[in-house]
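Worksheet: the structure to be examined is printed underneath.
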Amino acid sequence: MDIMPVDPDVAKLLKMMENIPKPDLANIDIKEFRKMMEQSPLPKKNEAVKSVEDMKFIHDGFEIPLRLYTPENAGDSIIIYFHGGGFVFGNIESHEGICRLAANRSRSKVLSVDYRLAPEYKFPAALDDALEALKWVQKNSSRLGINPDRIAVAGDSAGGNISAGLCLKARDMKLKLPRLQVLIYPTAGRSGATYSLTEYGENFYLTEKDMKYFGQAYLKEPSDSLNPYFSIITHPDLSGLPEAVVVTAEYDPLRDEGETYLAMMQKSGVRATGIRAKGMIHGFASFFPIVPAAENLLTMIWSLAGNLLNGTGSQTIL
């Protein structure tokens, strides 16, 4: 297998992380863990956009915060974004930089969704919030100034899983589907140990132990790990899904399951573009302020997404 060395800036980041004590997730209070993550020493990079507007919607008595980013010269498309964080941490603020960059590069509005987190709210709470967010955007397309036929759902890691699960559930419910799904190193489900999990499950930021904790925090019971709206590679029918862009990272334990899902969609007749980010680790989208190659990758990803959303792109397998 042709393996590229870890990107030099990523290697520096991993070295820096070695000197930062890592909490024992199984024995730390979740609120304390979220506070630690919010106080990350990594710099932020928030590009200017034309406007930012906070809003919300309510379903089943829960208030779901939203933040709308509108770039200069925005078209009539929108990307509904679901942040990563293992289903247990992350929020609108943590992904501010990613969403601003996505808006500017795609020339689309971006709506960041602050879905409910585990362990307080177990599966399928986050997925339910995502489905309601899609329906809310479709219903409020005039208010948002967008074309309901030019909607993408997107997310990184847990957010990628939510985006994919949302598309599957919406299709199964015979709801109007988004035009595009952008899945950045998504959790996709495993039937056993993969090569990437075995090779990169330690020392590359996301560990196998972390993944086990996140799964236990998010899922109500072990059987949920095979629910096809969570373990998306177990869904028996992937036909008729929206066009997809699936991004994986070379040194990510989740790489192989994401690429398995990509291949399954392609075999089911779904137009799907695969991008493997060489030299990158899980979480590279959040590290773009200090990893130039990661910012270049995001520029490529969101430019492609914008082209596909606005009807100016074509299928490209990279």
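The values are calculated or read from the model by the stated rules, or taken from the named source; none is laboratory data. Just so you know, these numbers come straight off a predicted model, no measurement behind them. Cβ coordinates were reconstructed from backbone atoms using ideal geometry, including for glycine residues, and neighbour counts include every protein chain displayed.
Things worth noting here:
- Given (1) loosely packed, with under 11 Cβ neighbours inside 10 Å; (2) touching a residue at least 40 places away in the same chain (Cβ under 8 Å); (3) within 19 Å of Ile290 (Cβ to Cβ), index of the condition Gln39 fails: (2)
- Inspection of region 161-173 identifies at least one residue that is over 22 Å from Glu257 (Cβ atoms), at pLDDT 95 or above and not in a helix (DSSP H, G or I).
- Test: residue in region 155-163 that is of a type outside the set (Gly, Ala, Ser), touching a residue at least 24 places away in the same chain (Cβ under 8 Å) and within 26 Å of Gly61 (Cα to Cα): yes
- Comparison of Ala118, Ala130 shows that the only residue that is at pLDDT 95 or above, within 24 Å of Ser225 (Cβ to Cβ) and either of a type in the set (Phe, Trp, Tyr) or assigned to a helix (DSSP H, G or I) (or both) is Ala130.
- Filtered by the rule that a residue be under 10 Å from Thr248 (Cα atoms) and out of contact with any helix residue (DSSP H, G or I) (no Cβ under 6 Å at 6 or more places or on another chain), region 263-282 gives Ile275, Arg276, Lys278, Met280, His282.
- Arg67 falls short of the stated requirement of being of a type in the set (Lys, Arg), touching a residue at least 24 places away in the same chain (Cβ under 8 Å) and touching a Gly at 6+ places or on another chain (Cβ under 9 Å).
- Extreme residue, surrounded by the fewest Cβ atoms within 10 Å (Cβ to Cβ), among residues of region 250-274 that are of a type in the set (Gly, Ala, Ser) and assigned to a helix (DSSP H, G or I): Ala263
- Against the test of being buried (at least 19 other Cβ atoms within 10 Å of the Cβ) and touching a residue at least 12 places away in the same chain (Cβ under 8 Å), the options Gly189, Gly145 yield a single qualifying residue, Gly189.
- For region 92-115, filtering for residues that are free of Cβ contacts under 8 Å to residues at least 40 places away in the same chain and in a helix (DSSP H, G or I) leaves 1.
- Criterion: buried (at least 19 other Cβ atoms within 10 Å of the Cβ) and more than 16 Å from the chain's Cα centre (by Cα) - qualifying residue of Leu298, Leu238: Leu238
Every residue, every condition in (1) touching a helix residue (DSSP H, G or I) at 6+ places or on another chain (Cβ under 9 Å); (2) part of a helix (DSSP H, G or I), yes or no:
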site	(1), (2)
Val6	yes, no
Val10	yes, yes
Leu14	no, yes
Ile20	no, no
Pro23	yes, no
Pro43	no, no
Asn73	no, no
Gly84	yes, no
Gly90	yes, no
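- When Asn73 is tested against (1) modelled with pLDDT under 95; (2) over 29 Å from Gly306 (Cα atoms), only condition (2) is not met.
- Selected residue (only one of Tyr213, Tyr205 is of a type in the set (Ser, Thr, Tyr) and part of a loop (DSSP other than H, G, I, E, B)): Tyr205
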